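Shown next, in structure tokens, is the structure this report addresses.
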Amino acid sequence: MQAMRDQLRPALVVVMIVAGLLSAGCGSRDNHAASVHAGAESTPTGVSTKAQFVTQAQAICQGLSASEKPLKARQETLKSLPSAAADKLFVSLVDQVVKLSRAADSRLEALARPADDSSAISKLLAGFTAEINDAVGIARAARSEESTSGEASEDALKRSIAANIAAAGAFGMRACFGSE
């Protein structure tokens, strides 16, 4: 498990970045399936402009970022712990990041969407769902000591993040990316 933890420890950094991105109002990912997004094209009442949506989404981002700070601090302590304890904490931290991201995702999904941007928002949220699923894959691989699947999940996560950063930035969701 020591080798698995050493290989996947950098993945925790990626997972923490995902949490920051998700909190960026770009769609923190619960384990919402794509079907959640398929029916999300309707525009709830309450938000009439893109600027209002972005403001509300970025507030969710800031809340997630604040919630993940203690986890980032705990991540640093893994290096000094015995292997068995570090392994358990690694998986626990990834699980906590996913849980926080899912909660933020629920709040993002509940935001009213401006009609003109509903499709773009749905695509952003679907992309971040993929990120959360990749993070779950990293935790699953660490639990079962499967470095090959963990590396595949980490690579997929990095690709998803890169694509989603570009899409979210183009949509105007840049504020939460500067600190990550």
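Read-outs throughout are calculated quantities, based only on the coordinates presented, and are distinct from any laboratory measurement. Just so it is clear, the structure is predicted and the values come from calculations on it, not from any experiment. Methodologically, a virtual Cβ is constructed for each residue, glycine included, from the backbone with ideal geometry; neighbour enumeration extends over all protein chains shown.
At a glance:
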| item | result |
| --- | --- |
| Whole-Å distance, taken between Cα centres, linking the stretch 46-68 and the stretch 124-158 | 25 Å |
| For residue 52, net neighbour charge (Lys/Arg +1, Asp/Glu -1) across residues whose Cβ lies under 11 Å away | +1 |
| 3J(HN,Hα) from dihedral phi, the stretch 146-152, Karplus parametrisation 6.51/-1.76/1.60, rounded to Hz, x for glycine, proline | 10, 5, 5, 6, x, 5, 5 |
| Cα-derived Rg over Rh, computed across the stretch 61-118 with Rh taken as Kirkwood radius | 1.19 |
| Ordering of 110-118, 89-97 by packing [mean C-beta count within 10 Å, highest first] | 89-97, 110-118 |
| Projected area, mean over directions - the stretch 64-180, Cα convex hull, nm² | 7.8 nm² |
